[in-house]
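Peer 1: I have a structure here, written as structure tokens, and I will follow up with some questions on it.
Just so it is clear, none of the values below were taken in a lab; they were calculated from the coordinates. Because the structure is predicted, anything quoted here is derived from the model rather than measured. All Cβ positions, glycine included, derive from the backbone under ideal geometry; neighbour counts span all protein chains shown.
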Amino acid sequence: MAFAEITYDVTDAIATVTLNRPEKRNAWSPETEAEVRDAFGLAAADASARVIILTGAGGTFCVGADVTGIAGRRPDRPRFAGVTPPPGDPPPVEDLSRRYSYILNIGKPVIAAINGAVAGVGLAVTLYCDLRFMAAGTRLACAFPRRGLIAEHGSAWLLPRLVGPMNAADLLLSGRTVTAEEAASMGLVRVLPAERFMPAVRAYAADIADNCSPRSLRIIRRQLALAPLQTLSEAIEMAEQEQAATIGTEDRREGATAFLEKRRPNFTGR
């Protein structure tokens, strides 16, 4: 599949989706959104891709929406209506089939490698990723109120669960810019040295790809996505059912054998 505003690559079991508009600081356009969605669909369907990284080209991750032509224009309707099926497994609930929440339903770990400044919709998209690594010295902002906007794309639901109610209110109500280090103190990101940032993120992803069962990752990711929507009893029941379903699987046998033989497992996902 040919892309114009992103690049897509699968190497060593890691699918990398790169926002590729460095001349516009990777501003998020309708075309970018559609291409990212398509790329996630490719990664979800590719058995050779076990982990997904989302990052930006150049020195910026994403400065937010491409506002070219927005000032002074009043659109008749939102440009996105969610009319195409989300990539990944069939969503078990509607909450995992919305505009960006489909990322939670892809059965592979998704890592946001925030290599530079991130704001607005760019930051909102990273909230749907499992992990957010951020380069030291970079900055982020929920700039919505400073642009005449509101807390977009579920960020008012996600942020309190990620960083707590007061930190979420701080970020969303002030719209202020914070450093990667302050964001890390809130628990929103993990900071890595700017030098050799991407190799460090890829090393983390490679450890998952090399040592974790794709089948286990798919189920655990589903557990994590559904947990905020479940009671404790429902979460326990799901865990009991899924644990029982591992009996007789190739990956369960391989995991035990590799442990006993003190070697790296060779998981198949079956």
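Peer 1: If you take the square roots of the eigenvalues of the alpha-carbon gyration tensor of the range 89-159 and sort them as a ≥ b ≥ c, do you get rounded (a/c under 1.5), prolate (a/b over b/c) or oblate?
Peer 2: The shape class here is oblate.
Peer 1: Taking the Cα atoms of the chain, report the difference between the largest and smallest coordinate on each principal axis, in whole Å and largest first.
Peer 2: Largest to smallest, the principal-axis extents are 63, 41, 39 Å.
Peer 1: I would also like to ask the following. For the range 116-225, what class follows from the C-alpha gyration tensor (a ≥ b ≥ c being the square roots of its eigenvalues): rounded when a/c is under 1.5, otherwise prolate if a/b is larger than b/c, else oblate?
Peer 2: Working: a/c = 2.42, a/b = 1.44, b/c = 1.68.
It comes out oblate by the Cα gyration axes.
Peer 1: Over the Cα atoms of the range 171-270, each weighted equally, I'd like the Debye log10 I(q)/I(0) at q = 0.11, 0.14, 0.18 Å⁻¹, rounded to two decimals.
Peer 2: -0.57, -0.82, -1.01
Peer 1: Expressed as an acute angle from 0 to 90° and rounded to the nearest 10, what is the orientation of the C-alpha long axis of helix 165-174 relative to the principal long axis of the chain?
Peer 2: Helix 165-174 sits at roughly 30 degrees to that axis.
Peer 1: Report, in whole Å, the centroid distance computed from the Cα atoms of the range 121-183 and the range 193-270.
Peer 2: If you average the Cα positions of each part, the centres end up 28 Å apart.
Peer 1: Suppose every K and R has +1 on its Cβ and every D and E has -1 on its Cβ; what is the size of the dipole of the chain about the Cα centre, in Debye to the nearest 20?
Peer 2: 460
Peer 1: Can I ask one more? Projected onto the charge dipole of the chain (+1 at Lys/Arg Cβ, -1 at Asp/Glu Cβ, origin at the Cα centre), which of 96, 256, 177 gives the Cα projection farthest towards the positive end?
Peer 2: With unit charges placed on the Cβ atoms, the residue in question is 177.
Peer 1: Considering the chain as a Gaussian network with a 10 Å cut-off on Cα pairs, which listed residue, 26, 211, 105, attains the greatest mean-square fluctuation?
Peer 2: For the chain, modelled as a Gaussian network with Cα springs under 10 Å, the answer is 211.
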